[in-house]
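Shown next, in structure tokens, is the structure this report addresses.
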Amino acid sequence: MITYKKLAEEIQSRTGIRTKTLLHNWIGPILGKVVREADHRGDPPLTALVVHTDDGKVGSGYKEVLAVAGEPPVEDEMAREYHAANARLACYRHFGAALPPGGGKPALAPRLQGAVERRRARVDKPPQVCDSCFVQLPSTGICDSCS
Ligand SMILES: [Zn+2]
């Protein structure tokens, strides 16, 4: 897995072609070429390996992968991210990456996985209330009114 930002640096240093153009104005078309070439060669979609730095998502650019593969668009954001996780595993297998025993499982980018787990923890945990006044406690766990 690699971030768009890091990939952009790699592309520029390895090709020797530098640009001051904003990343999002040129990386999409390049990744479009990459995914079409991968499809042409019968390789899995390499562009599934590229995620955003801030949230670990493949983002809206992933629609090109689905289009090239002749698959219908995936509108749900997390469904799209899990689709990409499966595609990444296909890439690791195809290109002979070192995999854990059992062959590994599809995985979200660590940053996105962390966000998913934090969201789940919030949903699963009922809000804590004060034993005395039954007002919802702040994150400190100490009632502002009764302490
Ligand atoms: Zn209280």
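Readers should treat all values here as calculations from the given coordinates under stated rules, not as data from a laboratory. All values derive from a computational prediction rather than experimental measurement. Note that we place each Cβ from the backbone using ideal geometry, even for glycine, and neighbour counts take in every protein chain shown.
Data overview
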| read-out | value |
| --- | --- |
| Net charge, K63 excluded, C-beta distance under 12 Å - Lys, Arg +1, Asp, Glu -1 | -3 |
| Max mean-square fluctuation residue, GNM over the chain, Cα-Cα springs under 10 Å, options E77, E64, E117 | E117 |
| Residue with peak Gaussian network fluctuation, the chain [Cα springs, cutoff 10 Å], from P127, P72, P45 | P127 |
| Theoretical gain in end-to-end length, C146 to K5 [0.36 nm per residue, Cα-Cα removed] | 45.8 nm |
| Helix runs (DSSP H) in the chain reaching 18 Å along axis by Cα, Kyte-Doolittle at least -1.0 | 23-41, 77-94 |
| Within-14-Å neighbourhood charge of Y82 [Cβ basis; K, R +1; D, E -1] | -1 |
| Reduced Cα scattering model of the stretch 5-147, Debye log10 I(q)/I(0), q = 0.13, 0.14, 0.21, 0.22 Å⁻¹ | -0.70, -0.77, -1.37, -1.43 |
| Computed [θ] at 222 nm, deg cm²/dmol, the chain (DSSP H ≥ 4; -39,500 (n - 2.57); rounded to nearest 500) | -15500 deg cm²/dmol |
| From phi via Karplus (6.51, -1.76, 1.60), per-residue ³J(HN,Hα) for the stretch 130-147 in Hz, x at Gly/Pro | 5, 5, 8, 10, 6, 7, 4, 6, x, 4, 5, x, 10, 5, 5, 7, 8, 7 |
| Alpha-carbon centroids, the stretch 1-24 and the stretch 61-126: separation in whole Å | 23 Å |
